Structures are given as structure tokens and as C-alpha cells.
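Taking it in order: structure first as C-alpha cells, then the write-up.
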């Protein structure tokens, strides 16, 4: 099966491609002029963008939207993370966070083929570091990798050693919305 992934983010596409093609699904990246809807939920944004992408392509498509939730800030910034990163950046986030440093990435993958609309979720829990990492990982999707310490680890995503990073990638791969979507497509096609 061939599936289009509407994204301009090369890191997201590379990650999704490894997962989907590992399941036998051919993934093609397509950059589309999609209007970013205003919503307080990541799921609503993802659904809206999947519908827009399908209207342009008229082929099965998926989108992925994510947000960053900081519990002590009333779940801010949520879906507005790109705006926050452009304006106050990770140093601004560090200034806002108090003692409770609990946070999580929320990823929502939405599939739409003109008839069937399906969403898949993954929350990656962790803590916010007290200072940003000085390293830059080539695979990083976001500057947040410099301040996000995944649950069960002592270092930011950027500071994980190669073996630790591979282990974290495998954990992500098994639970990601991309993998959930691949399993759903395969189960649907085997019926």
C-alpha cells in the first residue's frame, strides 16, 4: 500500500518512513499548502489538516501534529509550541517552569481516505531539564530535545549516548502513532 504523509518536516518523515516501510507500507512525503487551524486540542488540528490534505490529493493521507504539555503551566503551550519556540524559545520556557517540571509530548497521527478518519495518539512523558543541552542531535525534530528528559532517563534527548538513544527510538517506534496506524492498516487489509 502507498500512503502520503503531508509534512514539510524531514525528521518526522524519516522517522515515519522507517516505521511504515518496516511494516510494508510505502510512505511518500508531500508538502502541501495547508492552513493551520486554530484550536486548543492537538487532535482537532490533526483531523482538520488531514481533511485539507485529502481534499488536495484525493488519495489516502496521514498527518502528524504534536504539542508539548507542561503540567505546571496549565498544559501550556500545547499545540502552540511552534509559536512559543519562535517567540520566547527554550530559555523562556525554562524561566516559566516552577518546581513541578513534569511535561509530555503529545503526538496525534491522523489518517483520512475520504471515507475513514482515524486518529492515533502517543504521550511521551518526562521532565524539563534545569538547563538546556549544548549538544545538537541530527535526528532532532525540535529544539525541545535540548530540555526534554524522557521518563526513565537522566539526560535530555540530545544528551543521550548512542545506545541510549537507539533504545529510546525503539521504545518510541513500538508505541508511536505511526506504528499504531501501520498495524491498523495491515489489520484492515487482511480482513
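Here are the numbers for this structure:
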{"read-out": "Among the candidates 113, 65, 123, residue that is in contact with a helix residue (DSSP H, G or I) (Cβ under 6 Å, 6 or more places away or on another chain) and either touching a residue at least 12 places away in the same chain (Cβ under 8 Å) or within 23 Å of residue 35 (Cβ to Cβ) (or both)", "value": "65"}
{"read-out": "Residues of segment 45-76 satisfying the condition of being part of a helix (DSSP H, G or I), farther than 21 Å from residue 123 by Cβ and in contact with a strand residue (DSSP E or B) (Cβ under 9 Å, 6 or more places away or on another chain)", "value": "51, 52, 53, 54, 56, 57"}
{"read-out": "Among residues of segment 125-145, those that are modelled with pLDDT of 95 or more and outside any loop (DSSP other than H, G, I, E, B), counted", "value": "4"}
{"read-out": "Number of positions in segment 23-44 that are without any contact (Cβ under 8 Å) to a residue 40 or more places away in the chain and assigned to a helix (DSSP H, G or I)", "value": "1"}
{"read-out": "From the options 175, 189, residue that is at pLDDT below 90 and in contact with a strand residue (DSSP E or B) (Cβ under 6 Å, 6 or more places away or on another chain)", "value": "175"}
{"read-out": "Count of segment 34-52 residues which are within 15 Å of residue 177 (Cα to Cα) and either buried (at least 17 other Cβ atoms within 10 Å of the Cβ) or in contact with a helix residue (DSSP H, G or I) (Cβ under 6 Å, 6 or more places away or on another chain) (or both)", "value": "4"}
{"read-out": "Matching residues, segment 15-33, being surrounded by 13 or more Cβ atoms within 10 Å (Cβ to Cβ) and either touching a helix residue (DSSP H, G or I) at 6+ places or on another chain (Cβ under 6 Å) or farther than 19 Å from residue 57 by Cβ (or both)", "value": "15, 16, 18, 19, 20, 23, 25, 27, 29, 32"}
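The values are calculated or read from the model by the stated rules, or taken from the named source; none is laboratory data. Everything numeric in this text was worked out from a predicted model, so none of it was measured. Because the Cβ atoms are built from the backbone with ideal geometry, glycine has one as well, and the counts that use them run over all protein chains shown.
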